[in-house]
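**Q** Starting off with a structure, shown below.
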Amino acid sequence: MTIAARPAVVALAPIKNEPIHPVYRQIRDLVYKVSGIYKAEEKLYLLSDGCGRRMKQLGARTPREYWDQLTAQPGHDGELRHLLNEITIGETCLFRSQPQLDALRKVILPEIVAERTKQITKRLRIWSAGCSTGEEPYTLAMNMLEESDCLLKGWTVEILATDLNDRSVETAKAGIYGDYALRSTTDYFKHKYFTTVDEKKLQVRPEVKKLITFSRLNLQDDSKMLFMRGMDLILCCNVLIYFDGASKSKVVNHFFTDLNFGGYFFLGTSESLMKLNDQFHLVHFPGTIAYWKPSLSSGKL
Amino acid sequence: MTASMTATIRERVARIETMPAIPAVFVPLMKMLGSSTIEVNVDEVVRLVSYDNTIAAQCLKVANSPLFGLAQVPRSIKAAVISLGLRRVETILLTCCLGQAFPAEKWTLDPDVFWRHSLGCALVCRKFSEKLAGVDAEKAYMAGLLHDLGFMVNCLVFPKEFAAAMERACREEIPLHEAEETAMGFTHCETGQALAEKWKLADDIIEVIARHHAVEQSHKAQSLVAVVHLSDLLCRMRGLGYGYYERRRVDFSSDPAWLVLLQEHRDLEGVDLARFTFELDESVEEVHALVSSVFGPARPRTEATAAR
């Protein structure tokens, strides 16, 4: 078959957004290396905004100059911590990660329920480690209540919610939230599980609170961590970033021990364990990843 | 699957004379893809790309996408061919041709969803292969792009049966190939294989199409089949699947394909799968954008002319 060439000289407009300074990609890699938090390309602006705020405070004029402060200057560890604070702040809200909730309700719960059909005491234990002002444990509690007439019929659900900060724990106990924290909560959940405080605020109903025990806990306190056994699920979102390598590894090992066999450990949406613990299996659910402590029957321990 | 069922599939696929809207460059392109790169010259590729204005414009759009990583926007086909390299252009051309090959009214699947998955898988295959020594990344791209060819065949030849399988998969939130097996007694792997053989595609590509859901049964090109299997799975876990929730947990490091790959590629141990997953997420928006610009509804021929 022969083809006669028909010249096509087609010029197209570039499909590109505002270029991002290459140093921010270096910073992104550094942040990933020390914290396991990955800022995807479309979220690099969040990183550059955070850097911008820090640069202003420090008087750094260019991203390159800021990079030097992050890496070469004395006290760079402290600066890295400030930056991590900047880029993780304000991320919390109720129903923050629907893929995690779907994984929990559609895959993990049926798996746990199926595994324990023969057990007399049917108890599910969830730990929200670093619960901040309570958005995560309340979200979990509402979702568990949704299952209480079907999958979890006859089950006792206990949610333990801990944070290092006393004030956060007190705020969490009150369970009062404004529009911003409720931006991802559907009307269905708002009507069913909240009462109105005033025109701008809603409060979590007592039946939701009943499922949760709030307390102050330092994840680095080894003696207390030893008492957190028997968990089916641990969530620890955007907390490990505040620890250095050795403490992080120790905390993760505690989490591994505290989980039941076949239990799951969730981090923040763009957070990973990297090589912190090789006993956990990285597993994928639609739209989210988690770490699995292999069950005794899986032969993968 | 019984021998008589295989015969039925082959017979019905044989009756597809050609994909109705297949672009004229498709056949010579397939021939070119089968030959070694040395035999292909730049002018020949430029000639193929330039033959059809619509395809030429689409090729430039694809080349322009951040997914193909060109620092500068190519101003002409020749410039694009030179900057991208021959093999990359061949795969881009194949992407565009396939996009045009299928009649709009015959889709049982949402075509956008199909192309997002195929293109996403192709890109992940390429990226994944780049991490493994000795796997041809452009070949992997092509294999990823074509691995689900059988779904197109199903839409053309078994539309009712396939619609039932699709409905079942969505309702039960199970993998589509499992629903096909239950509802039809065979899967897109067999129908895709029949078309790939009819088109005389390369043996390793046929193997990928036929075995990407059963890597352990693959005897040829097992690494390539494993790469496609894992990339397919990863796409389905990260929003580039078939548009419905698959109720499942995937443990990649225990997947037979991972173990097969690990035997030949020790460098796989060094792959940070979590980061690889996050990196894929970066490409999802681009894949959506590219699919709507390249595989969207057929545009009038004048568009490319107008863009000159």
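No lab work stands behind these numbers, since they all come straight from the coordinates. Every value quoted in this text rests on a predicted model; they were computed, and no experiment measured them. In this analysis, Cβ positions are derived from the backbone assuming ideal geometry, glycine residues included, and neighbour counts consider all displayed protein chains.
**Q** For chain B, what does the helix formula give at 222 nm: sum of -39500 (n - 2.57) over DSSP H segments with n ≥ 4, over the residue count, nearest 500 deg cm²/dmol?
**A** Details: 17 runs with 199 residues, N = 308.
Estimated from H runs of four or more residues: -20000 deg cm²/dmol.
**Q** Using all C-alpha to C-alpha distances in chain B, build P(r) with 20 Å bins and read off the rounded percent in each one.
**A** P(r) over chain B, rounded to whole percents: 34, 60, 6.
**Q** If contacts are Cα pairs under 8 angstrom and at least 6 residues apart, what is the relative contact order of region B:108-271 in percent? Provide the component values of the computation, followed by the final result.
**A** Numbers: 228 pairs, mean separation 44.8, N = 164.
RCO, region B:108-271: 27 percent.
**Q** Just to check, using Stokes-Einstein with a Kirkwood Rh over alpha carbon pairs, what's the diffusion coefficient of the protein assembly as shown at 10 °C and 1.306 mPa s in µm²/s?
**A** Numbers: Rh = 26.7 Å.
Estimated via Stokes-Einstein, D reaches 59 µm²/s.
**Q** To one decimal place, what orientation-averaged projected area in nm² is obtained for the convex hull of the Cα set of region A:22-88? Working shown, then result.
**A** Numbers: hull surface 15.6 nm².
Averaging across all directions leaves 3.9 nm² for the Cα convex hull.
**Q** Taking the Cα centroid of region A:16-86 and of region B:210-260, what is the distance between the two, rounded to the nearest whole Å?
**A** Taking the Cα centre of region B:210-260 as reference, the centre of region A:16-86 is 36 Å away.
**Q** Can you pull the one-decimal nm distance between simple spin-label points at A:Thr196 and B:Asp112, each 7 Å off the Cα toward Cβ?
**A** My value for the distance between the label points is 3.8 nm.
**Q** Highest first, please rank the peptides A:233-239, A:137-143, A:152-158, A:254-260 by the mean number of other Cβ atoms sitting within 10 Å of their residues. Before the final figure, lay out each step's value.
**A** Numbers: A:233-239: 22.7, A:137-143: 24.6, A:152-158: 14.1, A:254-260: 19.6.
The packing order, highest mean first, is A:137-143, A:233-239, A:254-260, A:152-158.
**Q** Pairing the Cα long axis of helix A:22-35 with the longest principal axis of chain A, what angle in degrees results, from 0 to 90 and rounded to the nearest 10?
**A** So the inclination is approximately 30 degrees.
**Q** Here is a follow-up. What does the net charge come to around A:Tyr38 if you take all other residues with beta carbon closer than 13 Å to its beta carbon, with K and R at +1 and D and E at -1?
**A** Details: positive: A:Arg25, A:Arg28, A:Lys33, A:Lys39, A:Lys43, B:Arg275; negative: A:Asp29, A:Glu41, A:Glu42, A:Glu271, B:Asp272, B:Glu279, B:Asp281, B:Glu282.
Result for the neighbourhood of A:Tyr38: -2.
**Q** How would A:Ser297, A:Ser97, A:Ser148 line up from fewest to most surrounding beta-carbon atoms within 10 angstrom? Can you show the working numbers first?
**A** Working: A:Ser297 10, A:Ser97 20, A:Ser148 14.
With the sparsest Cβ surroundings first, the list reads A:Ser297, A:Ser148, A:Ser97.
**Q** Provide a whole-number value for the mean count of partner chain Cβ atoms within 10 Å of the Cβ atoms in peptide B:244-257. Kindly include the intermediate steps, with their values, before the conclusion.
**A** On the way: counts 1, 7, 4, 8, 7, 12, 6, 8, 4, 4, 6, 0, 0, 0.
Neighbouring Cβ atoms belonging to other protein chains average 5 per residue here.
**Q** Send over the semi-axes of region B:108-271's equivalent ellipsoid, whole angstrom and largest first, taken as the square roots of 5 times the C-alpha gyration tensor eigenvalues. It would help to have the intermediate numbers written out before the result.
**A** Values: eigenvalues 124, 62, 38 Å².
Result for region B:108-271: semi-axes of 25, 18, 14 Å.
**Q** Going by amide H atoms built from the backbone, whose H comes under 5 Å of the H on A:Leu124, apart from near neighbours?
**A** Those qualifying (amide H under 5 Å, at least 5 residues apart or on another chain) are A:Thr156, A:Val157, A:Glu158.
**Q** Continuing with the same structure: Using a 10 Å cut-off around each Cβ, can you sort B:Thr6, A:Thr186 from fewest to most neighbouring Cβ atoms?
**A** Sorted ascending by nearby Cβ count, the order is A:Thr186, B:Thr6.
**Q** Compute the helix-to-body angle for A:135-146: its Cα long axis versus the longest principal axis of chain A, expressed 0 to 90° and rounded to tens.
**A** Long axis of A:135-146 versus the principal axis of chain A: about 50 degrees.
**Q** State the number of lysine pairs found in region B:108-271 whose Cα atoms come within less than 28 Å, restricting to pairs 8 or more positions apart or on distinct chains.
**A** Taking the Cα cut-off of 28 Å, the pair count is 12.
**Q** Sort the following peptides by mean Cβ neighbour count (other Cβ atoms within 10 Å, averaged over residues), highest first: B:212-222, A:218-228.
**A** Details: B:212-222: 17.8, A:218-228: 14.0.
Per-residue Cβ counts within 10 Å, averaged per peptide and sorted highest first, yield B:212-222, A:218-228.
**Q** While we're looking at this one, here's another question. Cβ under 13 Å from A:Leu276's Cβ, A:Leu276 left aside: what net charge do those residues give with Lys, Arg +1 and Asp, Glu -1? Walk me through the intermediate numbers first.
**A** On the way: positive: A:Lys33, A:Lys248, A:Lys250, A:Lys275; negative: A:Asp244, A:Glu271, A:Asp278, B:Asp272.
Net charge in that neighbourhood comes out at 0.
**Q** Taking Cα centroids, how far is region A:110-177 from region A:208-252 in Å?
**A** If you average the Cα positions of each part, the centres end up 14 Å apart.
**Q** On a 0 to 90° scale, report how tilted helix A:44-58 is relative to the longest principal axis of chain A, with both axes built from alpha carbons and the result rounded to the nearest 10.
**A** Approximately 80 degrees, to the nearest 10.
**Q** In percent, what relative contact order does chain A have, based on Cα pairs under 8 Å that are 6 or more apart in sequence? Please report the intermediate quantities before stating the final value.
**A** On the way: 403 pairs, mean separation 51.8, N = 301.
17 percent.
**Q** Something else now. Rounded, prolate or oblate, given the Cα gyration tensor of region A:98-298, with a/c below 1.5 counting as rounded?
**A** The shape class here is oblate.
**Q** Counting alpha carbon pairs within less than 8 Å and at least 6 residues apart, what relative contact order, in whole percent, applies to chain B?
**A** 22 percent.
**Q** Averaged across the residues of A:99-112, what count of C-beta atoms belonging to other chains lies within 10 Å of each residue's C-beta?
**A** On the way: counts 4, 0, 0, 2, 3, 0, 1, 5, 6, 1, 0, 1, 1, 0.
Average per residue, whole number: 2.
**Q** Say each of A:Ile20 and B:Gln217 gets a label point 7 Å from the Cα, pointing the same way as Cα to Cβ; how far apart are those two points in nm?
**A** If labels sit at A:Ile20 and B:Gln217, their model points lie 4.3 nm apart.
**Q** Right, here's the next one. Nearest 500 deg cm²/dmol is fine: what mean residue ellipticity at 222 nm does chain A get from its DSSP H runs of n ≥ 4 alone, each adding -39,500 (n - 2.57), divided by its residue count?
**A** So the calculated ellipticity at 222 nm is -11000 deg cm²/dmol.
**Q** Could I ask something else about it? Sort A:Ile176, B:Ile92 so that the residue with the fewest other Cβ atoms within 10 Å of its own Cβ comes first and the one with the most comes last. Show your work: numbers first, answer last.
**A** On the way: A:Ile176 17, B:Ile92 25.
Lowest to highest Cβ neighbour count: A:Ile176, B:Ile92.
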